[in-house]
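Written below as structure tokens is the structure these notes are about.
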Amino acid sequence: MTTRRTVFLCGGAVAVSAVGVAAVVAHDMGSLDAFKAQTTLTRATLLQTPDIHEVLRYATLAPSGHNAQPWIFAAALDRLDIFPNPMRRTPVVDPDDHHLFVSLGCAAENLTLALAALGHPGEPSFNATNGGSIRVDMGRAKQVRSPLFDAIPKRQSTRADYDGRPVSSADLKTLAEAGSLAGVDLILITDRRQIDRISDLVIAGDTAQMGDKAFIDELRRWLRFSPREAMRTGDGLFSATTGAPILPEWLGPAAFDLTFKVKSENDKYARQLASSAGLAVFVGQKEDHEHWVQAGRAAQRFALQATALGLKHAFLNQPVEVASLRPELAGLVGLAGRRPDLVMRFGYGPDLPFSARRSVDAALRT
Ligand SMILES: Cc1cc2nc3c(=O)[nH]c(=O)nc-3n(C[C@H](O)[C@H](O)[C@H](O)COP(=O)(O)O)c2cc1C
């Protein structure tokens, strides 16, 4: 009897402590629902007719490598400038700031669309002095709300399997038109054999990156495992945005090391590419900051148009980031000798949680 009672008490103690640990862990991580509410609210409360602060909020919703958000904004009465933020570089994966300037281009495109919606149309121009920046002079005209502007808060990089459905030729034409911009070639690929060849390059790039300690160390610094940390920093790659489980920050890195393996990552990429309707490859006509900004603008227009058509997209830039693979990718898309800037897949897929963003004030030059 005594023994049974002891066992019962011990079982109760274990149960109580398990609940206690779970409560502490949950408290430590923060809540995914709170994260989703915050990131959705950031987008839902955007003014339909934005003021200048709001225009910058639209700009911050642009994609950026590792979600580093490497931009600084400066606002004047008649113009807005975007400067690179050297504190937000990712020097291992992006040693020559290629992705950084592409990301600035994505932000410039959002900014331009939001300014047009505000009645201040302007064309971004690149200024090569002092490390490079982008200026948009604000004109004054009728407010123009384009479907691309409306798509800004809805766009996300959706790193999930898609459903394999093809995209109609009419929609492919609309996408090609949206993504065409001076100084950049857009190559649209829907042929399955060509997608498979590029899939092989993505996998070769992923294998090289996963064997590179410096790459993994840098990536780890941008990973966010808990809603609390994702909300606190407002940047980085939060596991839930890829459909992965959330974890307390103290547990995340160890779980990452245990589960982040070459074979499973490569299998995931092969599956994701096989389930996509097509690929868009963006190739600047020159290899300099100005053309990288243009490539970012073209890709952002494409991504917004895809969103407006109910399509999802995600970047797969491994064959661009691993320099030794660039010549083969350029040859595959018929542009031998050029440097490819971006590889994006698209198709029909699920909604995933949105990524976090830093506040406008955090990115505003004072
Ligand atoms: C230049 C550039 C390179 C990127 N490269 C990759 C990539 O190789 N793989 C990936 O999954 N996402 C890539 N991304 C997407 C970012 O990780 C993503 O934009 C960021 O996490 C914010 O998420 P969001 O686009 O859903 O707002 C890239 C984005 C940019 C602008």
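The values are calculated or read from the model by the stated rules, or taken from the named source; none is laboratory data. Please read all numbers here as calculations on a predicted model, not as lab measurements. Methodologically, a virtual Cβ is constructed for each residue, glycine included, from the backbone with ideal geometry; neighbour enumeration extends over all protein chains shown. Each accessible area value is taken on the protein alone, full model and side chains, heavy atoms only, with ligands, DNA and RNA left out. Shrake-Rupley method; radii C 1.70, N 1.55, O 1.52, S 1.80 Å.
A few points about this structure:
- Test: residue in region 161-171 that is under 30 Å from Ser239 (Cα atoms), crowded, with 20+ Cβ neighbours inside 10 Å and touching a Ser or Thr at 6+ places or on another chain (Cβ under 8 Å): yes
- Checking the stated criteria, Ala141 turns out to be over 24 Å from Asp341 (Cβ atoms) and open to solvent by 20 Å² or more (accessible area, probe 1.4 Å).
- Any hit, region 52-63, residues being within 30 Å of Gln318 (Cβ to Cβ) and of a type in the set (Asp, Glu): no
- Search result, residues across region 281-327 that are within 22 Å of Lys268 (Cβ to Cβ) and among the charged types (D, E, K, R): Lys312, Glu321
- For region 215-222, the criterion of a residue being of a type in the set (Lys, Arg) and more than 16 Å from the ligand (Cβ to nearest atom) is satisfied by no position.
- Residue check, Ser125 exposed (fewer than 15 other Cβ atoms within 10 Å of the Cβ), over 30 Å from Pro86 (Cβ atoms) and free of Cβ contacts under 8 Å to residues at least 24 places away in the same chain: no
- Residue check for Asp235: more than 26 Å from Leu188 (Cβ to Cβ), buried (at least 17 other Cβ atoms within 10 Å of the Cβ) and either more than 16 Å from the ligand (Cβ to nearest atom) or acidic (Asp, Glu) (or both): yes
- Conditions (1) more than 13 Å from the ligand (Cβ to nearest atom); (2) more than 17 Å from the chain's Cα centre (by Cα); (3) open to solvent by less than 10 Å² (accessible area, probe 1.4 Å): number failed by Pro340: (1)
- Members of region 79-101 found to be more than 20 Å from Thr129 (Cβ to Cβ) and either within 12 Å of the ligand (Cβ to nearest atom) or crowded, with 22+ Cβ neighbours inside 10 Å (or both), listed by number: Thr90, Val93, Asp94, His99
- If only residues of region 243-290 that are under 17 Å from the mean Cα position of the chain (by Cα) and at pLDDT below 95 are counted, the one that is surrounded by the fewest Cβ atoms within 10 Å (Cβ to Cβ) is Gly243.
- Within region 324-355, tally of residues that are touching a Pro at 6+ places or on another chain (Cβ under 9 Å) and small (Gly, Ala, Ser): 5
- Among the residues of region 291-304, just one is open to solvent by 30 Å² or more (accessible area, probe 1.4 Å) and within 30 Å of Asp161 (Cβ to Cβ), namely Arg301.
- Unmet requirement for Arg345, which otherwise passes all of (1) buried (at least 23 other Cβ atoms within 10 Å of the Cβ); (2) basic (Lys, Arg); (3) away from the ligand (no atom under 13 Å from the Cβ): (3)
- Wholly within region 65-173, strands (runs of 3 or more DSSP E) carrying at least 3 residues that are over 21 Å from the mean Cα position of the chain (by Cα) and closer than 19 Å to Arg301 by Cα: 124-127
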